[in-house]
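Trainee: Take a look at the following structure, please.
The values are calculated or read from the model by the stated rules, or taken from the named source; none is laboratory data. Quick caveat: nothing in here was measured; it's all calculated off a predicted structure. Ideal geometry is used to build each Cβ from the backbone, glycine not excepted, and the neighbour counts take in all protein chains shown. The area values use the complete protein model at the heavy-atom level, side chains included, leaving out ligands, DNA and RNA. Shrake-Rupley method; radii C 1.70, N 1.55, O 1.52, S 1.80 Å.
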Amino acid sequence: RSSARIRYGLWLSASLKFFVPFSALVGVGAAIGVVVPRSVDLGRPFASSAFDSLWMSSHVGVSAARPSLATATHLAIGLGALAAAVWIIGSMTMAVMRYRLWRRVQAAVKASTPLTLTSLEFPPGVELRSAPGVLEPGVIGWRRPVLLLPDGIVDRLKPEELQAVLAHECCHVRRRDNLTAALHMLTEVVFWFHPAVWLSGTRLLAERERACDESVLAEGYAPTTYARAI
C-alpha cells in the first residue's frame with residue numbers, strides 16, 4: 001500500500017545490495033544490536049568451513065570411496081575455474097547486449113532534429129528533439145538529458161495531452177531514473193546468474209513508471225486526459 005516511489009527505492013536497494021559484502025551487513029547488524037546465532041561462525045574463512053564439511057563427512061561415512069585431499073583440491077580448483085569461465089562469458093554477453101542497445105539509442109539521437117515547443121513546459125537544460133522511427137517518448141542520458149519524441153506526435157496529440165506526456169518524461173529527469181537504471185544494469189552484468197537480479201529489474205521498471213504516473217496525477221492533470229495521451 002506504499003507509493004510507487006517508496007517501492008522503487010526498496011527494489012533499488014535490493015539491487016545495489018549485491019555490491020555490499022555480507023560481512024559488512026553482519027557488522028552493521030551487530031552494531032545495531034542484531035543477535036547472530038551461535039551456530040554461525042564468522043571468524044573462519046569459507047575454505048575452512050568447506051574442509052570442515054569434508055572432515056565431518058569422512059567420519060560419518062557419507063561416502064565410502066571418497067577422494068583423497070589432493071584429488072578433492074584439484075577437483076575444487078577445476079570446478080572453480082569452470083565457474084569463473086562461465087561467469088566471465090555471461091558477464092561479457094550482458095555487457096555486449098547493453099552496449100548494442102546504447103549504440104541503437106545513440107543512432108536514434110543522431111538521426112533526430114531539434115524541436116521547439118514554446119507553448120509547453122519542460123525543465124531547463126533538457127534538449128527536446130524529434131526522431132523518426134521512435135515509437136514512444138523517452139529520456140536519453142542523465143548528465144545532459146535529451147527528451148526524444150516521435151515524429152508527428154505534436155500533430156497527433158492535443159496540447160493538454162502532450163503536456164501530460166512531457167510531465168511524465170520530466171519526472172524521469174527529476175528522479176534521475178536513467179542513472180539508477182544504469183546502476184542496475186551494472187548489477188546485471190556482474191550478477192547475471194542470480195534470479196533476484198532479474199526480478200528486481202522487472203519490478204524497478206514497473207515501479208519507475210508508476211511513480212511517474214503518480215507524479216503526473218499529483219500535479220493536477222486529469223486522469224482521462226493523461227490516459228488518452230498515453
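Trainee: Looking only at residues that are among the hydrophobic types (A, V, I, L, M, F, W, C), assigned to a helix (DSSP H, G or I) and over 41 Å from the mean Cα position of the chain (by Cα) in segment 57-87, which one is modelled with the lowest pLDDT?
Mentor: Of everything passing the filter in segment 57-87, 60 is modelled with the lowest pLDDT.
Trainee: While we're here: Taking segment 182-214 only, how many residues are open to solvent by less than 60 Å² (accessible area, probe 1.4 Å) and basic (Lys, Arg)?
Mentor: Summing the residues that are open to solvent by less than 60 Å² (accessible area, probe 1.4 Å) and basic (Lys, Arg) in segment 182-214 gives 1.
Trainee: Listed residues 144, 174, 228; which is loosely packed, with under 14 Cβ neighbours inside 10 Å and touching a strand residue (DSSP E or B) at 6+ places or on another chain (Cβ under 8 Å)? Explain how you work it out, then say what you get.
Mentor: Working: 174 fails: touching a strand residue (DSSP E or B) at 6+ places or on another chain (Cβ under 8 Å); 228 fails: touching a strand residue (DSSP E or B) at 6+ places or on another chain (Cβ under 8 Å).
Testing whether each residue is loosely packed, with under 14 Cβ neighbours inside 10 Å and touching a strand residue (DSSP E or B) at 6+ places or on another chain (Cβ under 8 Å) leaves just 144.
Trainee: Among 112, 119, which is of a type in the set (Ser, Thr, Tyr), modelled with pLDDT of 90 or more and either under 28 Å from residue 216 (Cα atoms) or touching a Leu at 6+ places or on another chain (Cβ under 7 Å) (or both)?
Mentor: The conditions single out 112.
Trainee: In the list 135, 157, 120, which residue meets the criterion of being open to solvent by less than 30 Å² (accessible area, probe 1.4 Å) and of a type outside the set (Val, Ile, Thr)?
Mentor: It is 120.
Trainee: While we're here: List every residue pair whose Cβ atoms lie under 7 Å apart, where the two residues are 6 or more positions apart in sequence or sit on different chains, the first residue falls within segment 126-141 and is under 20 Å from residue 182 (Cβ atoms), and the second residue, located anywhere, is part of a loop (DSSP other than H, G, I, E, B).
Mentor: These pairs meet every condition: 126/145; 139/145.
Trainee: Within segment 138-180, work out how many residues are within 25 Å of residue 200 (Cβ to Cβ) and of a type outside the set (Gly, Ala, Ser).
Mentor: The total comes to 17.
Trainee: Cβ contacts < 6 Å: first residue closer than 15 Å to residue 9 by Cα and at pLDDT 95 or above, restricted to segment 206-230; second residue open to solvent by less than 90 Å² (accessible area, probe 1.4 Å) and among the charged types (D, E, K, R), any location; separation 6+ or different chain. Result?
Mentor: As it stands, the answer is 207/7; 208/177, since those pairs meet every condition given.
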